[in-house]
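I have a structure I would like to understand better, so I am pasting it below and will then ask my questions one at a time.
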Amino acid sequence: MDITLDTIEDKIHSGQRLSKEDGLALYSSNDLARIGQLADSVRKKISGDYVYYNVNLHVNLTNICIGQCKFCAFGCKSSSDKAYELTKQSVLSRIAKAAEDPDMKNLHIVSGLHPDWPYEYYLDIIKTIKANFPLLHLKGFTGVEIMHFVKISGKSIETVLRELIAAGLEAMPGGGAEILDDSIRQILCPNKATSTEWLEVARTAHRLGITTNASMLYGHIETKEQRINHLLTLRALQDETGGLQTFICFPFQPKNTALEDSITRTSVWDDLKTMAISRLMLDNIHNIKAYWVMLTLPVAMLALGFGANDIDGTVGGEKIMHAAGVSSQKALSKNILIDAIREAGRIPAECDCNSKIIRTF
Amino acid sequence: MDELTRARQKACAGSRLSFDEALLLYRKASLLELGQWARAAKERHSGKNVYYNINRHINLSNTCTALCPLCAFSAKQGDTRGYILSPEKVAEMISRAMQETPGLTEIHIVSSLCPDTNFSYYTDILHTVRKLLPHVHIQAFTPAEIIYFTKISGLSIKEVLQHLKDAGLSSLPGGGAEILDDSVRQIICPDKASSAEWIETMKTAHSMGIPTNSSILYGHIETTEQRLAHLFKLRAIQDETGGFGAFVSFPFYPQNTKLAELYTIKPLTAWENLKFIALSRLVLDNIDHIKAFWIMLSEEIAQLSLAFGADDLDGTVGEEKIIHAAGAKSGSIMTRKKLNDMIVQAGYIPAERDSLYNIIKQAVPS
Ligand code: SF4
Ligand code: SF4
């Protein structure tokens, strides 16, 4: 039988899982509003009318990185004149300043893979932050960073995670997944965690009771089929562990990266389609995030109609995406996020780093 | 069957909507439902084509007798920002445009109601442009300007239009309509053409074989009912004359306007803009084309509007001062390639058109 939006809709309504072929058929359709509406109906069933956001501070400890990934505008060599390393003191004072806002409850810590910092340094940072700010929720370290720690410490994934958890880590972000296909990773990010390693870190974290997010970086050299495979890989992991909290799609931003001259940013049409298809394929993940920093607020708000139920946060201090020349503002006030959510006809829900609702408006 | 179900069915089937039905859909239907119906309506009107036009905008002056509170472009007489282009200057700009823009098919001229001109200045300008570009379409002067010309010349609407036509005018743009409700105009633009005058000008132009566009400026102080009633007024004119080629909605940008100082105006969101594009596609069943003006909406939202019933991205525009004065953030130059890409990515066929929607160049669907 030919796959059409009608057959897909029937499957969705009868609670059947979508196949890889369904995913590809969705991609080849341009009936964007219809795809969006299908995703919206699924969103309603899975996560209701709340839209999550959090008041958070991004801390990027350093941009010095041995990764040299081709899609990255943030990482650099230590000799670069944009290289920086935050001292423990300046990390603490940044947090102290952000914590003057009583709503600020979440830290988001991701960084470059520093060539010289020892593993103990990271443990120490986490402990120090926790000691000084015991009430803040600490989300940090992508699967890629964890693998880096594994290499520099000689310890196992499990030991590294146990130690970080003991030091105060409460959740992990979804970055570094890119496309979980080593033929692509080999070209774009050969120096960092492989697909298997990334999955193993997530699996281990889930087993140890830490929830993580998952992401997809799209719009570079990958095919639509590789995107769908990526989603199916995450769906299979989630079937196994149930530990994935939120899925985030990152449209690749070529500006200031090694791919700048060969690739233009994908269209917003693709962004919303990908958002909707992710919601439809990932039937076992609760949250789909429209990361406004990458999409801009107007598009992130529209994405709430295309399957998303999370708009990320106020992202004070975000550096990584802004290095890639995204045109969105550096940070947004909570009220702007609340307004955008309301205007989309939904209920704003302020949450912690584990997507637990703190309060609704 | 309840009214909402009935309205939904009519929108889906493409039947003519009543005002009450449109209002109900505006309030109750979801954005994506409206989008799907509007896209189907678009395909009934223009199939898989999405149009654009290679044009050049010229704003002759900005000093204005009307000083509408809605306007961020105009300047008071004597203001240092004030300017008026001489026919020589316009000739220079046109020559430059001819070099810079191969395939230029339209010159688009809209300006303030300038206190320092007489009517012959405008016919001179048209002669100048016509001489340099004998075959280009000249779309110029909104009804607000036409009414102003009747005042400074003592001529009737028909006489003014005839003089302009003789001097080379091809069509009128759709601007100056704002909201065709005098209680609203009293606040947002008290000193320019009234609703009746705007309508009279359009009907006269249509009766003389001068095609025009139509528009709305929304998202300021008007109510939802007034916004929708405006669409129904345009639909009624179109039933009578058939002279509107396209409809374009201008979202109001409060920045730098007097109106925003006097009233608290909540800026429109992309959500609202797409919803309104969809709704206008559904209500204006007798107007063939719905423009999503990328300069106003941003390139991103203009592309998305193709899923919500728009079938025209307007043009590659040089030197559009009016909109940027009000703080629209889009860049002011667009390329053919970019427009083609935007359209192809949305699964449609790019169709470069002239001002009357004749196709000049069309990509072959792959
Ligand atoms: S993506 Fe991460 S690992 Fe790769 S270069 Fe950038 S900071 Fe380093
Ligand atoms: S909108 Fe037109 S008529 Fe009104 S002040 Fe501006 S330029 Fe003058």
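The values are calculated or read from the model by the stated rules, or taken from the named source; none is laboratory data. Note that the coordinates shown come from a computational prediction; the quantities given were computed from them, not determined experimentally. Because the Cβ atoms are built from the backbone with ideal geometry, glycine has one as well, and the counts that use them run over all protein chains shown. Accessible surface areas use protein heavy atoms only, side chains included; no ligands, DNA or RNA. Shrake-Rupley method; radii C 1.70, N 1.55, O 1.52, S 1.80 Å.
I'd like to verify a number: residues in region A:206-236 that are within 16 Å of the chain's Cα centre (by Cα), among the aliphatic types (A, V, I, L, M) and farther than 18 Å from A:ILE46 by Cα, how many?
Final tally of qualifying residues: 3.
Residues that are touching a His at 6+ places or on another chain (Cβ under 9 Å), of a type in the set (Ser, Thr, Tyr), at pLDDT 95 or above and assigned to a strand (DSSP E or B): does region B:235-243 have at least one?
Among the residues of region B:235-243, not one is touching a His at 6+ places or on another chain (Cβ under 9 Å), of a type in the set (Ser, Thr, Tyr), at pLDDT 95 or above and assigned to a strand (DSSP E or B), which makes the answer no.
Take residues that are more than 30 Å from A:ASP283 (Cβ to Cβ) and tell me which of the helices (runs of 4 or more DSSP H) falling wholly in region A:24-140 contain 3 or more. So that I can check it myself, show each step before the final result.
Working: elements: A:32-47, A:88-98, A:119-132.
Result: A:88-98, A:119-132.
Residue-wise test of (1) more than 18 Å from the chain's Cα centre (by Cα); (2) among the hydrophobic types (A, V, I, L, M, F, W, C); (3) within 16 Å of ligand 1 (Cβ to nearest atom); (4) crowded, with 20+ Cβ neighbours inside 10 Å.
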| residue | (1), (2), (3), (4) |
| --- | --- |
| B:ARG56 | no, no, no, yes |
| B:PHE73 | no, yes, no, yes |
| B:GLN77 | yes, no, no, no |
| B:ILE84 | yes, yes, no, no |
| B:ALA91 | yes, yes, no, no |
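Please list, ordered by first then second residue, the pairs with beta carbon atoms under 6 Å, 6 or more apart or interchain, first in region A:184-209 and surrounded by fewer than 18 Cβ atoms within 10 Å (Cβ to Cβ), second part of a helix (DSSP H, G or I) and of a type in the set (Asp, Glu).
These pairs meet every condition: A:THR194/A:ASP182.
Within region A:149-173, which residues are more than 15 Å from A:THR204 (Cβ to Cβ) and either within 16 Å of ligand 1 (Cβ to nearest atom) or crowded, with 22+ Cβ neighbours inside 10 Å (or both)?
If the condition is that a residue be more than 15 Å from A:THR204 (Cβ to Cβ) and either within 16 Å of ligand 1 (Cβ to nearest atom) or crowded, with 22+ Cβ neighbours inside 10 Å (or both), then A:LYS151, A:ILE152, A:PRO173 are the ones that fit.
Now, a different point. Taking B:GLU33, is it within 11 Å of chain A (Cβ to nearest Cβ) and either free of Cβ contacts under 8 Å to residues at least 12 places away in the same chain or among the aliphatic types (A, V, I, L, M) (or both)? Working first, answer last.
Values: within 11 Å of chain A (Cβ to nearest Cβ): yes; either free of Cβ contacts under 8 Å to residues at least 12 places away in the same chain or among the aliphatic types (A, V, I, L, M) (or both): no.
Against the criterion (within 11 Å of chain A (Cβ to nearest Cβ) and either free of Cβ contacts under 8 Å to residues at least 12 places away in the same chain or among the aliphatic types (A, V, I, L, M) (or both)), B:GLU33 does not qualify.
What about A:VAL315, is it away from chain B (no Cβ under 13 Å) and either at pLDDT 75 or above or closer than 26 Å to A:ILE277 by Cβ (or both)? Let's see the steps before the verdict.
Numbers: away from chain B (no Cβ under 13 Å): yes; either at pLDDT 75 or above or closer than 26 Å to A:ILE277 by Cβ (or both): yes.
For A:VAL315, the condition - away from chain B (no Cβ under 13 Å) and either at pLDDT 75 or above or closer than 26 Å to A:ILE277 by Cβ (or both) - is met.
Do we find a residue being in a helix (DSSP H, G or I), more than 13 Å from ligand 2 (Cβ to nearest atom) and in contact (Cβ under 8 Å) with a residue 60 or more places away in the chain anywhere in region B:130-142? Explain how you work it out, then say what you get.
First, the residues of region B:130-142 that are in a helix (DSSP H, G or I): B:130-132.
Going one step further and asking which of them are more than 13 Å from ligand 2 (Cβ to nearest atom), we end up with B:130-132.
Those still in the list that are in contact (Cβ under 8 Å) with a residue 60 or more places away in the chain too: none.
Looking through region B:130-142, none of the residues is in a helix (DSSP H, G or I), more than 13 Å from ligand 2 (Cβ to nearest atom) and in contact (Cβ under 8 Å) with a residue 60 or more places away in the chain.
Here is a further query. Condition (residue is more than 22 Å from the chain's Cα centre (by Cα) and either under 25 Å from A:GLY174 (Cβ atoms) or within 16 Å of ligand 2 (Cβ to nearest atom) (or both)) applied to region A:64-78: is it met by at least one residue? Spell out the reasoning first.
Just the residues of region A:64-78 that are more than 22 Å from the chain's Cα centre (by Cα), to begin with: A:77-78.
Retained after the next criterion (residues that are either under 25 Å from A:GLY174 (Cβ atoms) or within 16 Å of ligand 2 (Cβ to nearest atom) (or both)): none.
So far as region A:64-78 goes, no, none of its residues is more than 22 Å from the chain's Cα centre (by Cα) and either under 25 Å from A:GLY174 (Cβ atoms) or within 16 Å of ligand 2 (Cβ to nearest atom) (or both).
Checking B:GLN139 against (1) modelled with pLDDT of 95 or more; (2) surrounded by fewer than 21 Cβ atoms within 10 Å (Cβ to Cβ); (3) of a type in the set (S, T, N, Q), only one condition comes out false. Which one?
(2)
Tell me which residues, restricted to region B:98-122, are away from ligand 2 (no atom under 16 Å from the Cβ), closer than 27 Å to B:TYR357 by Cβ and open to solvent by 10 Å² or more (accessible area, probe 1.4 Å).
Scanning region B:98-122 gives B:MET98, B:GLN99, B:GLU100, B:THR101, B:PRO102, B:GLY103, B:LEU104, B:THR105.
Tell me the residue from A:LEU107, A:LEU113 that is within 18 Å of A:ILE146 (Cβ to Cβ), within 11 Å of ligand 1 (Cβ to nearest atom) and open to solvent by less than 30 Å² (accessible area, probe 1.4 Å), please. Steps first, answer last, please.
On the way: A:LEU107 fails: within 11 Å of ligand 1 (Cβ to nearest atom).
None of the others qualify; the one that does is A:LEU113.
Now a separate question. Please state which of the following conditions A:ALA276 fails to meet, knowing it meets all the rest: (1) under 23 Å from A:LYS139 (Cβ atoms); (2) within 14 Å of chain B (Cβ to nearest Cβ); (3) small (Gly, Ala, Ser).
Tallying (1) under 23 Å from A:LYS139 (Cβ atoms); (2) within 14 Å of chain B (Cβ to nearest Cβ); (3) small (Gly, Ala, Ser), A:ALA276 fails exactly one: (1).
Looking at region A:37-56, is at least one residue more than 24 Å from A:ASP271 (Cα to Cα), open to solvent by less than 50 Å² (accessible area, probe 1.4 Å), within 16 Å of ligand 1 (Cβ to nearest atom) and away from every other protein chain (no Cβ under 13 Å)?
Within region A:37-56, not a single residue is more than 24 Å from A:ASP271 (Cα to Cα), open to solvent by less than 50 Å² (accessible area, probe 1.4 Å), within 16 Å of ligand 1 (Cβ to nearest atom) and away from every other protein chain (no Cβ under 13 Å).
Can you tell me which condition A:ILE35 does not meet? The list is (1) of a type outside the set (Phe, Trp, Tyr); (2) in contact with a Pro (Cβ under 9 Å, 6 or more places away or on another chain); (3) in contact (Cβ under 8 Å) with a residue 60 or more places away in the chain, and all the others hold.
(2)
Quick check on region B:299-339: of everything there that is surrounded by fewer than 24 Cβ atoms within 10 Å (Cβ to Cβ) and at pLDDT 90 or above, which residue is nearest to the other protein chains (Cβ to nearest Cβ)?
Looking at residues that are surrounded by fewer than 24 Cβ atoms within 10 Å (Cβ to Cβ) and at pLDDT 90 or above, I get B:GLU300.
Checking B:MET296 against (1) under 28 Å from A:GLY305 (Cβ atoms); (2) at pLDDT below 95; (3) over 18 Å from the mean Cα position of the chain (by Cα), which single condition isn't satisfied?
Going through (1) under 28 Å from A:GLY305 (Cβ atoms); (2) at pLDDT below 95; (3) over 18 Å from the mean Cα position of the chain (by Cα) one by one, B:MET296 breaks only (3).
With the structure loaded, tell me whether A:TYR84 is aromatic (Phe, Trp, Tyr) and either more than 16 Å from ligand 1 (Cβ to nearest atom) or farther than 30 Å from A:LEU138 by Cα (or both) or whether it fails that test.
Numbers: aromatic (Phe, Trp, Tyr): yes; either more than 16 Å from ligand 1 (Cβ to nearest atom) or farther than 30 Å from A:LEU138 by Cα (or both): no.
So A:TYR84 fails the test.
Moving on to the next point. Being over 20 Å from the mean Cα position of the chain (by Cα), closer than 20 Å to B:SER111 by Cβ and part of a helix (DSSP H, G or I) is the filter here; which residues of region B:167-194 pass it?
Across region B:167-194, the qualifying residue is only B:ALA167.
Still on this structure: Answer yes or no as to whether B:ARG130 is surrounded by fewer than 20 Cβ atoms within 10 Å (Cβ to Cβ), over 26 Å from B:THR201 (Cα atoms) and among the charged types (D, E, K, R). Give the derivation first.
Numbers: surrounded by fewer than 20 Cβ atoms within 10 Å (Cβ to Cβ): yes; over 26 Å from B:THR201 (Cα atoms): no; among the charged types (D, E, K, R): yes.
No.
Give the number of residues within region B:229-285 that are away from chain A (no Cβ under 14 Å), of a type in the set (Gly, Ala, Ser) and under 22 Å from B:GLY35 (Cβ atoms).
Qualifying residue count, region B:229-285: 3.
Hey, another quick one. On the basis of being within 14 Å of another protein chain (Cβ to nearest Cβ) and not aromatic (Phe, Trp, Tyr), does A:VAL299 make the cut? Steps first, answer last, please.
On the way: within 14 Å of another protein chain (Cβ to nearest Cβ): yes; not aromatic (Phe, Trp, Tyr): yes.
Yes.
Next question. Restrict the check to region A:80-89 and report whether at least one residue is closer than 24 Å to A:SER355 by Cα and either within 16 Å of ligand 2 (Cβ to nearest atom) or at pLDDT below 95 (or both). First the steps, then the outcome.
Narrowing region A:80-89 to residues closer than 24 Å to A:SER355 by Cα: none.
Checked region A:80-89: no residue is closer than 24 Å to A:SER355 by Cα and either within 16 Å of ligand 2 (Cβ to nearest atom) or at pLDDT below 95 (or both).
Can you name the number of the only condition in (1) at pLDDT below 95; (2) within 14 Å of chain B (Cβ to nearest Cβ) that A:ASP261 fails?
Unmet for A:ASP261, out of (1) at pLDDT below 95; (2) within 14 Å of chain B (Cβ to nearest Cβ): (2).
Now a separate question. Please state which of the following conditions B:ALA7 fails to meet, knowing it meets all the rest: (1) away from chain A (no Cβ under 14 Å); (2) touching a residue at least 60 places away in the same chain (Cβ under 8 Å); (3) touching a helix residue (DSSP H, G or I) at 6+ places or on another chain (Cβ under 6 Å).
Single failed check for B:ALA7: (2).
Could you please find all residues in region A:179-193 being closer than 24 Å to A:THR241 by Cα, touching a Leu at 6+ places or on another chain (Cβ under 9 Å) and not basic (Lys, Arg)?
Of everything in region A:179-193, those that are closer than 24 Å to A:THR241 by Cα, touching a Leu at 6+ places or on another chain (Cβ under 9 Å) and not basic (Lys, Arg) turn out to be A:ILE179, A:LEU180.
What are the residues in region A:246-270 that are out of contact with any helix residue (DSSP H, G or I) (no Cβ under 6 Å at 6 or more places or on another chain) and part of a helix (DSSP H, G or I), if any?
Selection gives A:ASP270 alone.
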